[in-house]
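Before any comments, here is the structure.
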Amino acid sequence: MALFKKLFNRDKTRNATDTKKAPAAKTGRQLILSEKDSDRRLTLIKEVTEENELEALIREADKETRQQIESVWLERLAPSGMLPSGANDQVLTRIASLTQDAALAKSAVAAIGDEPARLALAKEHSLARVRLAAAETITSADALHELQKHAQGKDKAVYRHCKDALAALNAEQEARQKIQDKIDYIRSNAETLLRLGYGPEFTGKVQILKQRWQNLQNAIEGFDTADIPALLEKLEAILTAQKEEEQKAAALEAELQQATEQQQRILAHLQDALESISDDSTAESLKETLLSEEGAWAEATAKHSASASQQKQYDNAVAEITTAASALQYLAEHEDVKGELSPEQAREHLPHLAWPHSASAPEWLTALRKAAGEKPKAAKPAPAKQDDSEARAKAEALIETLESALEAKVVADAANALKQIHRLNDKLTQKTQNQMQGRLRLLTNQLNELRDWQGFAVTPKKEALCEQMEALIDADIAPDLLAERIKELQTEWKSLGHSNDRDLWQRFQEASDKAFEPCKAYFAEQAQQREKLVSLRNQLTEELRHYEANMDWDSADWKTVQNTLNAARDTFRSYSPVDRASHQKTQKAFNDVCDAIYAHLKAEYDRNLDQKRALVSAAEAAANSDDMSAAAETVKKIQQDWKSVGVTPRGPDQKLWSQLRKHADSVFAQLNDARDARKAEINETVANAEAIVEEAKANAENHGIAAVTEAREKLAEIELPKGAHGRLVKSLSDIEERINSARSAAKAAEERGRWDTLLGLISTNETPESDAALPSGIEAAWFTQESSTADARKLCITMEILADVESPVQDKPARMELQVQRLAEGMGRNLSKEEERNALIKQWLTAGADTVLTERFIAALKAII
């Protein structure tokens, strides 16, 4: 039919062509613009080669067609998204205009030769995405400033990019300057420390310099730092030489302290292992713990033996853990221990299950003892722990007094404090004494050193201080470090106490004044710098006042407001240090304007917090409703609405969110409870239905199909899940099928018995008493028929043919003849196989057959029944 329609349409077209003039042919552009099929339109676009034509098509086409044109053109210019090598600026610009891939656009613009050309593109191109891609390739600060000024009020995306890029450049410059300042600080201080030599704060200052240098390792590329490692190595060499003797003296003490602490930790681990033994513990885990701790104890006592009490505690703990491990090993090898045992059996196991006294007996052991007839032993009251909290507090206070006295170099006070600490030993537990032992040993050594130091004359030390102070006069040291060193020497002078040394004091004082002269100019400069910082603080405060007065607070971007406040506070803090009076004044003015801005922000916070409180109330109402499904949907919507609320302070927001989550969790918990209750109800119903099926299965033997029918009626009255209903119905069907199969089998067996009876009667030529003993269709009257002239051999061969049993060789011709005859007569004259079989049996009973034929006939009959 489709072919006929095509032929008919062709004829009509020819007639129309003959009778009507054909319209003017469309141009290529018109064909493309009017084509509705996307694939055909794409084919037409690919045929266009002129760029001017493609440009015109882009201007005139709809969105779908324009996208196809741009895709075709872009594939020609940049196959597979790859920029062509040697492309000129015009081609690169066209690629950036055509692509929707921001990365490709940026790559194309970046390939344009010079920055002025890219700057012009960022200013003048008609497409915003191309302008932004060009702006992202501008790197110089001057060009970014120029582009930002041009884009202000015209191109928001470009303006924001320039602003962010300039901020990043400024931040980078500031970061580099900060790094340079840190490098200069490290270099200057290292050189000063090398000139001054080792002093009281030498170690701390070197550590600070090394830490600062370490922190700079990832940021020093491009900076001149070649000399710093050598300076730090020289400082480290001084420290090494100074500390070698101290380390030797402290090594033995530290080793002893470490061994003591390790021994205490091992004892604590063993005690924890004993206390943590439970029903889930295994012999293997206890043995592993014991093996590990024994190795650690051997290591901890290799050089420094434990005290007698600690060794005894260790031996007891090992013995108890070993006892528990043995009991658990026996338990693992005799699974019947946890079973039901007679008293005799329980008493057989108990001697092998000794348990440590300090560990609680597990439930299985308690049950075993009870089964054995043992009475539970009354738990011994645990020894009262010694409370040394009051004595410990006094000892710690005295230790602090001792430390203060040592710092002040007051020997008498320090010695008195140490004496009182020793008097408190009897009131402290051994554990507390062990904890304080290391600290007291260190302080005692310091006291002994202080006593030795005071044994020397004070005058030589003050003379040395004078020499050190005089060495600082005209020294090439940074003013701040010089002032710090002068102060250190003055403090050390004061620590030596008063004596009749006015000449030395005069000498020291004059040297101090002369050495401090270079510091005066430095501190004057510092004062000037502080004044500048005060000016910057005031300027920042004025800018914030102008910001607050001119902001349109009804349409403010509140996140930006918050960020502005945070940035202003960080900047204000960076304008430090300033003198105390100026700080208080500028801080108050700054706080006032920040409070004014924050008042607007707080009003927005309050509005948004009110919205979130309303959402929390709605969630609470949902949690108290009766329809949990509807409540769950309500809570989900509330959670979505929560996200759309504006800015809020973190603390209150988190608190409200916690309340919302509490109500939401309550709703979902109730929903789950309802589902669980429904599930439990369904499970109970299914269990009842399963009981009905089981009952039917049990009654099927006595009541047969009636039991299944009754069960089906009961199931019909129960509302069950579809799956359970199908499963139980199938179970009933299976029961019914088994009943029917059993009946069929019994009936078949009964029928088989009748056939066996029949075969026996045929074999013995006896007569049955009634039809009941014979198979269906066989009558007892057949056995009393008069003899006939029926051919017994022919009947026998016919039965063999019917049973598909081979006949003897001598009867093959007769069998062939009978088969041909049967075909001619219609295979038993449309009788069924059973009817023909029964007819043959009836005729056989009238034919006089010998024993051989009878046996053949019975064999064929057996094969067919």
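Just so you know, all these numbers are worked out from the coordinates, no wet-lab data involved. Keep in mind that what you see is a predicted model, and the values were worked out from it rather than measured. Note that we place each Cβ from the backbone using ideal geometry, even for glycine, and neighbour counts take in every protein chain shown.
Evaluate the distance, in nm, between pseudo-label points positioned 7 Å from the Cα of Ala141 and of Ser617 along their respective Cα→Cβ axes.
It works out to 5.5 nm between the two label points.
Want the number for Gln587 to Gln819: 0.36 nm per residue separation, take away the alpha-carbon distance, what's left?
70.6 nm is the gain from fully extending Gln587 to Gln819.
Remind me, relative contact order of the chain in percent, using alpha carbon pairs under 8 angstrom and six or more residues apart?
Relative contact order comes out at 4 percent.
Given charges of +1 on the Cβ of Lys and Arg and -1 on the Cβ of Asp and Glu, with all other atoms neutral, how large is the dipole of segment 785-864 about its Cα centre, in debye to the nearest 20?
80
Based on the alpha carbons, how large is the Rg to Rh ratio for segment 249-371 when Rh follows Kirkwood?
1.13
Give the residue from Phe523, Ile486, Leu720 lying farthest towards the positive end of the charge dipole for the chain; charges sit on Cβ (+1 for Lys and Arg, -1 for Asp and Glu) and the dipole is referred to the Cα centre.
Phe523
Return the FRET efficiency for the residue pair Val852, Lys747: r is the Cβ-Cβ distance, R0 is 56 Å, and the value is rounded to the nearest 0.05.
With R0 = 56 Å, the Cβ-Cβ based efficiency is 0.95.
Just flag the GluC sites (Glu not before Pro) in segment 683-749 sitting in loop per DSSP whose Cβ has no more than 14 other Cβ atoms within 10 Å.
Glu717, Glu719
Can you return the aspartates and glutamates within cross-link range of Lys123? Criterion is Cα-Cα under 14 Å, with same-chain partners fewer than 8 residues away left out.
Result set, ordered by chain and number: Glu115, Glu136, Glu146, Asp155.
Name the GluC sites (Glu not before Pro) in segment 312-362 that are in a loop by DSSP and that have at most 14 other C-beta atoms within 10 Å, would you?
Glu340
Counting other Cβ atoms within 10 Å, keep those with at most 13, restrict to DSSP loop, and tell me which trypsin sites (Lys or Arg not before Pro) in segment 24-97 are left. It would help to have the intermediate numbers written out before the result.
Details: sites: Lys26, Arg29, Lys36, Arg40, Arg41, Lys46, Arg59, Lys63, Arg66, Arg76, Arg94; in loops: Lys26, Lys36.
Listed in order of number, the matching sites are Lys26, Lys36.
Dipole magnitude of segment 93-178 about its Cα centre, charges +1 at Lys/Arg Cβ and -1 at Asp/Glu Cβ only, in debye to the nearest 20?
260
Leaving out same-chain residues fewer than 8 places away, which lysines sit with a Cα under 22 Å from that of Lys487?
Lys205, Lys409, Lys461, Lys462, Lys514, Lys520
As a test of the definition: which semi-axes, in Å, follow for the chain when you take the square root of five times each eigenvalue of its alpha carbon gyration tensor? Largest first, please. Walk me through the numbers before you get to the answer.
Numbers: eigenvalues 1961, 812, 191 Å².
Whole-Å semi-axes of the equivalent ellipsoid: 99, 64, 31.
Which residue, Ile421, Ile473, Leu402, has the largest displacement toward the positive end of the dipole of the chain when charges sit on each Cβ (Lys, Arg +1; Asp, Glu -1)?
Ile473
Label 7 Å along Cα→Cβ of Ala230; segment 170-200 residues with amide nitrogen under 14 Å?
Only 191 fall inside the zone, counting backbone N under 14 Å.
Would you work out which of Ala623, Thr685, Ala237 lies farthest towards the positive end of the dipole of the chain, given +1 charges on the beta-carbon of Lys and Arg and -1 on that of Asp and Glu, about the Cα centre?
About the Cα centre, the residue reaching furthest to the positive side is Ala623.
Output the 0 to 90 degree angle, nearest 10, between the alpha-carbon long axis of helix 558-574 and the longest principal axis computed from the alpha carbons of the chain.
30
Quick one: Debye curve from the C-alpha atoms of segment 734-794, no solvent, what's log10 I(q)/I(0) at q = 0.13, 0.26 Å⁻¹?
Rounded to two decimals, the profile gives -0.48, -1.08.
So how strong a dipole does segment 740-805 carry about its Cα centre when Lys and Arg Cβ are +1 and Asp and Glu Cβ are -1, to the nearest 20 debye?
It works out to roughly 240 debye.
Using 1/(1 + (r/R0)^6) with R0 = 60 angstrom and r between the beta carbons of Ala677 and Ser292, what's the FRET efficiency to the nearest 0.05? Kindly include the intermediate steps, with their values, before the conclusion.
On the way: r = 51 Å, r/R0 = 0.85.
My answer for the efficiency is 0.75.
How large is the helix-only mean residue ellipticity at 222 nm for the chain, computed as the sum of -39500 (n - 2.57) over DSSP H runs with n ≥ 4, divided by its residue count, in deg cm²/dmol to the nearest 500?
Details: 33 runs with 646 residues, N = 865.
Taking each H run of at least 4 residues, the total per residue is -25500 deg cm²/dmol.
As a test of understanding, state the convex hull volume per residue of segment 785-864 from its alpha carbons, in Å³.
So the per-residue Cα hull volume is 92 Å³.
May I ask for the angle, rounded to the nearest 10°, between helix 283-300 and the longest principal axis of the chain, with both axes built from Cα atoms and the value confined to 0 to 90°?
For 283-300 against the chain, the angle is about 20 degrees.
At 7 Å along the Cα-to-beta-carbon direction for both Ile220 and Ala237, put a label point, then send me their distance in nm to one decimal.
Placing both labels 7 Å beyond Cα along the Cβ direction yields 1.8 nm.
At 0.36 nm per residue, minus the direct Cα-Cα distance, what do Glu51 and Thr203 gain on full extension? Give it in nm, one decimal, please.
47.1 nm
May I ask you to list the lysines whose Cα is less than 29 Å away from that of Lys747, ignoring any residue fewer than eight positions away on the same chain?
The reachable lysines, counting only those whose Cα sits under 29 Å from Lys747, are Lys697, Lys730, Lys833, Lys842, Lys862.
Residues of segment 593-620 with amide nitrogen under 20 Å from the 7 Å Cα-to-Cβ point of Tyr547?
593-606
Okay, which of segment 589-630 sit inside 17 Å, backbone N to the point 7 Å along the Cα-Cβ direction of Ala669?
619-626, 628-629
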